[in-house]
Structure formats: C-alpha cells, structure tokens
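> Take this structure first; my questions come after.
The values are calculated or read from the model by the stated rules, or taken from the named source; none is laboratory data. Quantities reported herein were computed from a predicted structural model and do not represent experimental measurements. Here Cβ is always computed from backbone atoms with ideal geometry, including for glycine, and neighbour counts include all displayed protein chains.
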Amino acid sequence: MKIAFLLYPTASVKIHEDSSFWIMQELKKRGHEVSYFESRDLEWSEGSPQARLTPAKLDLKKGYLPSVKRQDPVSLAGLDCIFIRKEPPFDTQYLYALQLLETIKDQVFVLNDPTGVAMANEKLFSLLFTKYAPETLVTESIASARSFIKSLRKKVVVKPLHQKGGLGIFATSFNDENLPSLLETATEHEKRRIMIQQFVPAKKFGDKRIVILNGDILGAFVRYPPRDDFRANLSVGGTMHRASVNSWDRKLVEEMAPQLLSRGLFFVGIDVIGRYLTEVNVTSPAGIPEINYLNKIHAERNVADFIEQRLRSR
C-alpha cells in the first residue's frame, strides 16, 4: 500500500521524541511504500492535489536519512493513505493544505480528517467538554481579560490559540504589574484572540499526556516542569515519567470518543492536569516513543494495525 505523511522538516528531528518516525518505520517493516512531503511540496494540478514526495529512508540509530525528493509531482489521489502530521503554528498555509487534502478524502484515507483538524483547535476543542475544563475566557479584549482575571482572584495562564509546545504561554495574576503589557503582547493590541484559564499547577499534579487511537486509550505518560518553569512540556525541559490510566481518565476518554470519531479524529493526544482537560492535540500528537520507553511496548504497531484495517475495509 502507498502511504504518505504530511510532515515537518526532518533534518534535526530526534527520533526518541518523534512519533511519526516510529509509525513510518513500522509501516515500512510491513512492506508498505512510505513517503513524506511538506506543505511547500503540495500543489493543485490536473484536477487533484499533487506533491513532490520524498521516499522515507529510516535508520533506527541515525533517524531520517537523506533521501532524494521526486522532482515530478505525484497525484495524491493515487495513494491509499495520507497521515497528516504537520505541527502548528496553525496558520493560513496550514489551512490551505487541509483544504487541498479535503478534495480527495473520499478517495484516500486521510487521517486525521482535514475538516476535523481544521475545526478542532487544540485549545478551543476542549471547551466542548466544559465539565472537565478549567474556568476559561476566550477573548481579544484587554478589558474583558482584566475583568475575568480580577474576578477569579487566582493565578491564571494566558495562551495563544495557534501554537504548540508551551510556546507563548504565560502565568500571571491580577496584581502582576506586567499584566497590562503581557495582555497587549498576547492579543497583539486586541487583534488576536487568546485563551485565559484558571492556573492548575503541573508541579503538583503533573501534566498527563493520554494518546487515543480510534476512540480508545493507546497509552499515557506524565510530565513535570523543570525547577525554573511552570510549563511541563518536554520541549522546555520537562521530565517524563510512567503514568497509570485511572478510572477518571477512562471516563473522560469514553465521553470524548463519540465527538472525536464523528469528526474523523482517530489519532489524538489529550493533556490532563489534575482533574482538568487542558488541550486536545489533533495536528501532530506526540507520545509514542515516550510511552514505548516507559512501558517497554511498541505502540506504533497498534497504529499500523489500525491503518491496515481501515484500508482493507475501504
């Protein structure tokens, strides 16, 4: 079967942090023809989206090996599966790529579904499950933001809606003398919408990543912040630890599953701090190498099984 990944630049990727590498490696082991492309390689021509594909050459020690990109675009309608793994920021170029892939999803199995990805902002989608979300305001108004923060009388986090990996997230409170400047910067002087939420300390509870495949829990691990940061993201120095999946986790995922599956969101990572759902990652969920390392398993095999089953059923 022919499977292509809409990917990020691979030159500096560390494979012990990269879920895509391990899924691709497993698919190649099974004899599938695996390639990848970036948004800049994607275009529309001759009635369908096309891309200059790069054959995946992978090494378990060296990672992504140099590979010659095809100079002639290939019609993506001739593939069996396209796996969207492009990382944020979610900008207009990202949206255009999704819109192009939308045109062939009846012919090719595209996961996650392009419309599902476009409509499931990783911060805002969690608000569908309000009983699990921290107290939240989404606004571009500085006055509304200050009023909300004052009313909480608690520490808050201020988040951009289009970024990843903890980038652009601030912790603050109403008596912070930097608050006016921070809100001006975060909203770009009321030109960009932001999310403000009650602060839930990851240092106390840990920030649990739960990876979901086809509506079921694939695995989980927990991250703790470094000493000098409130963010637990591994990209900013957080540490990862083994995590059990408890009854609260299962109940949350069980309630989320119908919403995810109805939108074609089959491979998803959710972030949970304490008893709060803080993010739903649908663009390029991470976690497979971490789960594998901590639990001595091969979670990528389950992902490959799922893709093969879906392709056979089509």
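> Examine region 44-54 for a residue that is modelled with pLDDT of 95 or more, within 18 Å of Thr283 (Cα to Cα) and charged (D, E, K, R), and state whether such a residue exists.
No, because not a single residue in region 44-54 is modelled with pLDDT of 95 or more, within 18 Å of Thr283 (Cα to Cα) and charged (D, E, K, R).
> Taking Gly264 as the residue in question, decide whether it is farther than 24 Å from Leu7 by Cα and small (Gly, Ala, Ser).
Values: farther than 24 Å from Leu7 by Cα: no; small (Gly, Ala, Ser): yes.
So Gly264 does not fit the description; no.
> Could you check Gly166 against (1) part of a strand (DSSP E or B); (2) in contact with a Lys or Arg (Cβ under 8 Å, 6 or more places away or on another chain); (3) touching a residue at least 40 places away in the same chain (Cβ under 8 Å); (4) closer than 30 Å to Ser262 by Cα and say which number it fails?
(1)
> Here is a follow-up. Could you figure out which of (1) outside the structural domain of Phe267 (by TED's automatic domain parsing); (2) under 16 Å from the mean Cα position of the chain (by Cα) isn't true of Ile194?
If we test Ile194 against (1) outside the structural domain of Phe267 (by TED's automatic domain parsing); (2) under 16 Å from the mean Cα position of the chain (by Cα), just (2) comes out false.
> Sticking with this structure for a sec: Out of the residues in region 204-240 that are in contact (Cβ under 8 Å) with a residue 24 or more places away in the chain and touching a Phe, Trp or Tyr at 6+ places or on another chain (Cβ under 7 Å), state the one that is surrounded by the fewest Cβ atoms within 10 Å (Cβ to Cβ). Spell out the reasoning first.
Pass one, region 204-240, residues in contact (Cβ under 8 Å) with a residue 24 or more places away in the chain: 204-221, 230-236, 238, 240.
Remaining after also requiring touching a Phe, Trp or Tyr at 6+ places or on another chain (Cβ under 7 Å): 206, 209, 213-214, 232, 238, 240.
Working: Gly206: 22, Arg209: 26, Leu213: 17, Asn214: 19, Ala232: 26, Gly238: 20, Met240: 21.
Among them, the one singled out is Leu213.
> So, in region 278-312, of the ones that are among the hydrophobic types (A, V, I, L, M, F, W, C) and crowded, with 23+ Cβ neighbours inside 10 Å, which residue ends up farthest from the chain's Cα centre (by Cα)?
Pass one, region 278-312, residues among the hydrophobic types (A, V, I, L, M, F, W, C): 280, 282, 286, 288, 291, 294, 297, 299, 303-304, 306-307, 311.
Subset that is crowded, with 23+ Cβ neighbours inside 10 Å: 280, 282, 288, 291, 303, 307.
Working: Val280: 7, Val282: 4, Ile288: 12, Ile291: 16, Val303: 16, Ile307: 18 Å.
Of everything passing the filter in region 278-312, Ile307 is farthest from the chain's Cα centre (by Cα).
> Could you say which residue among Val68, Val117, Val138 is under 30 Å from Ser12 (Cβ atoms), outside any helix (DSSP H, G or I) and of a type in the set (A, V, I, L, M, F, W, C)? Walk me through it before giving the result.
On the way: Val117 fails: outside any helix (DSSP H, G or I); Val138 fails: under 30 Å from Ser12 (Cβ atoms).
Residue meeting the stated conditions: Val68.
> Within the group Thr103, Thr10, which residue is among the hydroxyl-bearing types (Ser, Thr, Tyr) and more than 26 Å from Gly165 (Cα to Cα)? Break it down into steps so the answer makes sense when it comes.
Working: Thr10 fails: more than 26 Å from Gly165 (Cα to Cα).
Result of the check over Thr103, Thr10: Thr103.
> Please indicate, with yes or no, whether at least one residue in region 61-73 is surrounded by 15 or more Cβ atoms within 10 Å (Cβ to Cβ) and of a type in the set (A, V, I, L, M, F, W, C).
no
> If we scan region 119-127, do we find a residue that is at pLDDT below 95, surrounded by 18 or more Cβ atoms within 10 Å (Cβ to Cβ) and more than 30 Å from Leu311 (Cα to Cα)?
The answer is yes, given that some residue of region 119-127 is at pLDDT below 95, surrounded by 18 or more Cβ atoms within 10 Å (Cβ to Cβ) and more than 30 Å from Leu311 (Cα to Cα).
> Go through region 169-209 and report how many residues are part of a loop (DSSP other than H, G, I, E, B) and of a type outside the set (A, V, I, L, M).
Residues of region 169-209 part of a loop (DSSP other than H, G, I, E, B): 169, 173-178, 187-193, 199-201, 206.
Filter once more, so that each one left must be of a type outside the set (A, V, I, L, M): 173-178, 187-193, 199, 201, 206.
Total satisfying the criteria: 16.
> So, in region 244-277, exactly how many residues are without any contact (Cβ under 8 Å) to a residue 40 or more places away in the chain and either crowded, with 21+ Cβ neighbours inside 10 Å or in the same structural domain as Lys164 (by TED's automatic domain parsing) (or both)?
0
> Scan region 150-158 and tell me whether some residue there is outside the structural domain of Leu260 (by TED's automatic domain parsing), under 30 Å from Leu265 (Cβ atoms), crowded, with 18+ Cβ neighbours inside 10 Å and under 18 Å from the mean Cα position of the chain (by Cα). Show your work before the answer.
Step one: of region 150-158, the residues outside the structural domain of Leu260 (by TED's automatic domain parsing) are 150-158.
Still in the list and also under 30 Å from Leu265 (Cβ atoms): 156-158.
Now restrict to residues that are crowded, with 18+ Cβ neighbours inside 10 Å: 156-158.
Still in the running and under 18 Å from the mean Cα position of the chain (by Cα): none.
There is no residue in region 150-158 that is outside the structural domain of Leu260 (by TED's automatic domain parsing), under 30 Å from Leu265 (Cβ atoms), crowded, with 18+ Cβ neighbours inside 10 Å and under 18 Å from the mean Cα position of the chain (by Cα).
> Here are some conditions: (1) over 17 Å from Tyr8 (Cβ atoms); (2) buried (at least 19 other Cβ atoms within 10 Å of the Cβ); (3) touching a strand residue (DSSP E or B) at 6+ places or on another chain (Cβ under 6 Å). Arg85 meets all but one. Which one does it not meet?
(1)
> Step by step: first the residues of region 13-49, then only those that are over 24 Å from the mean Cα position of the chain (by Cα) and not in a loop (DSSP other than H, G, I, E, B), then the one that is nearest to Ile3 (Cα to Cα). Which residue is that?
To start, the set of residues in region 13-49 that are over 24 Å from the mean Cα position of the chain (by Cα) comprises 29-33, 44-48.
Filter once more, so that each one left must be not in a loop (DSSP other than H, G, I, E, B): 29, 33, 44-45, 48.
Working: Lys29: 13, Glu33: 6, Trp44: 19, Ser45: 20, Ser48: 17 Å.
Across region 13-49, the extreme among qualifying residues is Glu33.
To keep it simple, each residue is scored yes or no on (1) outside the structural domain of Ser39 (by TED's automatic domain parsing); (2) among the hydroxyl-bearing types (Ser, Thr, Tyr); (3) farther than 26 Å from Gly215 by Cα.
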{"site": "Phe109", "(1), (2), (3)": "no, no, no"}
{"site": "Thr130", "(1), (2), (3)": "yes, yes, no"}
{"site": "Thr139", "(1), (2), (3)": "yes, yes, yes"}
{"site": "Arg146", "(1), (2), (3)": "yes, no, yes"}
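> Here's another thing I want to ask about it. Filter region 73-114 down to the residues that are of a type in the set (A, V, I, L, M, F, W, C), touching a residue at least 24 places away in the same chain (Cβ under 8 Å) and part of a helix (DSSP H, G or I) and list them by number.
The initial filter retains those residues of region 73-114 that are of a type in the set (A, V, I, L, M, F, W, C), namely 74, 76-77, 79, 81-84, 90, 95, 97-98, 100-101, 104, 108-111.
Restricting the remaining residues to those that are touching a residue at least 24 places away in the same chain (Cβ under 8 Å) gives 74, 76-77, 79, 81-84, 90, 97, 100-101, 104, 108-111.
Those that are of a type in the set (A, V, I, L, M, F, W, C), touching a residue at least 24 places away in the same chain (Cβ under 8 Å) and part of a helix (DSSP H, G or I): Leu76, Ala77, Ala97, Leu100, Leu101.
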